[in-house]
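The numbers here are math on the coordinates, done by the rules we state, and not lab data. Nothing here was measured: the structure is a model prediction, and the numbers come from that model. Cβ placement follows ideal geometry from the backbone for every residue including glycine, while neighbour counts extend to all protein chains displayed.
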Amino acid sequence: MRREYYRWYSDRVGRHMSVVVLGHWGPPMIMFPTSGGDEEEYERQSMIGAIADFIDAGRVKAFCVDVNHRDSFGNRGAHPFHRSWMQRQYDAYIRHELIPFVRDSSRSHDIGVWTMGASLGAYHAANTLFKYPDVVKRCYALSGVYDMKGFMGGMYDENFYFNNPADYMANQSDPWTLGHLGSCEIHLVTGSGPWENSSDTYRMSGILANRGVRHFLDDWGPLGGHDWPYWKHEMREYLSRV
C-alpha cells in the first residue's frame, strides 16, 4: 500500500498539521480520529489494516488527519469562547487547506469528498458534510456526539452555534444548503453494544428528519459498540457496498 506523510504549518490553527495519505487512487475519504487521536491513530488501531483490501483495490483513498481537540473543546484551561474560536479555525483549516490538498492529490478540482470518523471524529465528519454539502458528498459518522454544549461550561456564542450540528441543523432552512444535502449520502451509525450511547445519534437523526434531509440511521444493535472492533467491522461492511 502506498503511504505518504505530509505536514505543513497552518496559520489558522497556529501549529503544524499532518496528513497521512494511504492508497494510489479512489474516492477520497477524510478520516477524523477520536478525541485523543492523531493522523496515525487509524493505523495504530488497525483500522487501515481492516480496510486495506479496499484501499489497495482503489475503492477508496484514505486521508487520515489530525484534530485540534486539545486546543479547542478539550482545552479546559481556556475560556469557552477561545475553545469555540479554535473549533471555527479548525473548520476553516479543513475547508480551505485540507480539502484543496485532498482534491489536488486526487488530481481533480471538483471531486466529491467523503468523511468518516468514530466517537468525536464522527462529530467532525458530520459537521464537515453539514457545512459543505456541495463538496462533501458522503459521510460515515460512527458512535458520534453532535451537541457539544458540555464542553462550553454553559457559555454560548456565534462560533459555537455554527459548529454545533444539533443547533444549526435544527434551524437550517437555506434552499441551497438543503438542496445539496439532498444529494449526499449520510450515515449516522450507532448500536446497543458496549459503551455505546445511541441517544445522540437518534436525536441528530430526528433533527435531520425534521428538516427533510435524507439520511440513514444505521442501528447495528449488539454489533454496534463504542470500540475499535465494532468500528472496523462497520467500515468493512460499508466499503463493501460501494
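For segment 111-126, putting each phi into the Karplus relation 6.51 cos²θ - 1.76 cosθ + 1.60 with θ = phi - 60° gives couplings of 5, x, 9, 9, 10, 8, x, 10, 6, 5, x, 5, 4, 5, 4, 6 Hz, in residue order, rounded to whole numbers and with x for Gly and Pro. Taking 0.36 nm per residue of separation and subtracting the current Cα-Cα distance, fully stretching the chain between ARG95 and ASP11 would add 28.9 nm.
For a test of the definition: using alpha carbon positions, the gyration tensor, and the 1.5 limit on a/c, classify segment 132-191 as rounded, prolate or oblate.
Judged from the Cα gyration tensor, segment 132-191 comes out oblate (a/c at least 1.5, b/c at or above a/b).
Work out how much length ASP38 to TYR161 would gain on full extension: take 0.36 nm times their residue separation and subtract the Cα-Cα distance, in nm to one decimal. Please list the in-between numbers first.
Values: separation 123, 0.36 × 123 = 44.28 nm, distance 2.53 nm.
So the extension gain works out to 41.8 nm.
Placing +1 on each Lys and Arg Cβ and -1 on each Asp and Glu Cβ, with no other charges, gives the chain a dipole about its Cα centre of roughly 260 debye. Sorted ascending by nearby beta carbons within 10 Å, beginning with the fewest, SER18, SER240 become SER240, SER18.
Net charge of the neighbourhood of ASP147, taken over other residues with C-beta under 9 Å away and scored Lys/Arg +1, Asp/Glu -1, is 0. The stretch between MET1 and ASN171 holds 56.9 nm of extra length on full extension. This uses 0.36 nm per residue minus the Cα-Cα distance. Couplings 3J(HN,Hα) for segment 151-161, derived from phi with the Karplus relation 6.51 cos²θ - 1.76 cosθ + 1.60 (θ = phi - 60°), are 8, 10, x, x, 9, 7, 8, 5, 4, 5, 3 Hz, where x marks Gly and Pro. Our helix-only sum for the chain, with -39,500 (n - 2.57) per DSSP H run of n ≥ 4 divided by its residues, gives a mean residue ellipticity at 222 nm of -9500 deg cm²/dmol. When each of THR201, THR34 is scored by the number of other beta-carbon atoms lying within 10 Å, the sequence from fewest to most is THR34, THR201. Each of ILE111, ILE186, ILE48 has some number of other Cβ atoms within 10 Å of its Cβ, and from fewest to most they run ILE111, ILE48, ILE186.
Between TYR202 and PHE216, the modelled labels are 2.1 nm apart [label points 7 Å from Cα along Cα→Cβ]. Note on LYS61: lysines with a C-alpha under 24 Å away, same-chain residues under 8 apart excluded, are LYS131, LYS137, LYS232.
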